[in-house]
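Have a look at the structure below before the remarks.
Bear in mind that the values in this text are calculations on the coordinates, not laboratory data. As the structure is a prediction and not an experimental result, all values here were calculated from the model. Cβ placement follows ideal geometry from the backbone for every residue including glycine, while neighbour counts extend to all protein chains displayed.
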Amino acid sequence: MANNLYRQFEKTTTKIPYQFYNRRPGIDYGWLEVVTGNMFSGKSEHLIMSYYDILQADQFYVRSAQREGMEVAYRRVKAYKHAADTRYGEEDKIIAHSGLSMSCQAVHHVKELVESIEGEGIHVALVDEVQFFQERDEKGHFEIVKAALALLREKRFLLFAGLDKDFRGMPFGPMGDLLAIADAKPYYVSTCAVCGAPATLPQRLINHRPARFDDPVVMVGASETYEPRCRSCHEIDMGEEESDAREGRSKGKKPTFRL
């Protein structure tokens with residue numbers, strides 16, 4: 001991440017080379033970092049720690065500039081999350097699986113997010129659970145991708161976090177497009193709940209059974225549960241039992257598909 005530059009200089013010298021005074025993302029150029037990976041892997045924690053890294057980097061940056069007789073401003077930083085994230089019962093907080101948390105603004109739509117960023121003059125916007133922004137325009141393009149490109153042209157620093165794959169192992173909403181345009185994309189892996197191997201896929205279970213492939217990607221009000229799994233243990237119900245019955249074939253155990 002760009003802030004590593006500041007930490008390196010802080011350790012090695014009391015002065016930042018002149019050229020870096022005009023190289024802050026969110027002030028002098030746009031930058032998109034998309035933090036992705038599996039559930040329970042540390043994405044939200046990365047976002048929270050990045051928030052404090054940015055604040056610390058700005059303190060060092062401004063103090064160093066002042067020592068050189070230069071006046072520079074702190075960046076305005078704000079955190080957001082999609083309002084669909086209600087896992088921990090806190091509407092105004094980003095909460096990591098580790099328990100780390102920070103205050104944020106919950107938003108329902110891309111328009112609401114953009115209006116807040118532009119209206120409040122936010123230089124650095126951190127957005128959790130970005131995979132839930134699935135609104136599309138009349139041509140089928142994801143609104144969050146269009147908004148990100150517009151904000152980057154305004155020299156905003158965007159840090160997005162979200163699941164890259166849905167329960168089927170397919171690209172989750174806008175995540176594929178966001179990763180394609182990202183300037184940096186840290187990837188996190190969790191641990192398989194079944195065998196302990198590296199887990200890159202979210203497993204959806206309904207009544208302790210694998211979900212059907214044709215189920216909605218986002219289920220509202222359902223009693224589903226999720227756990228991280230590796231490719232060997234991840235299962236999908238392909239839903240062929242009902243079609244077998246309609247065609248007069250014998251009914252048996254529903255086939256499952258392992259990625």
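For the range 88-140, what is the largest minus smallest coordinate of the Cα atoms on each principal axis, given in angstrom and ordered from greatest to least?
40, 26, 16
Which of THR191, THR200 comes first, and how do the rest follow, when ranked by fewest Cβ neighbours within 10 Å?
THR191, THR200
Hand me the GluC sites (Glu not before Pro) from the range 44-98 located in a DSSP loop with no more than 13 other Cβ atoms within 10 Å, in residue order please.
GLU68, GLU71, GLU91
Going by Cα centres, the range 89-132 and the range 183-215 are how many Å apart?
The distance from the Cα centre of the range 89-132 to that of the range 183-215 comes to 24 Å.
Quick one: of the DSSP bridges fully inside the range 111-248, what percent are antiparallel, nearest 5?
70
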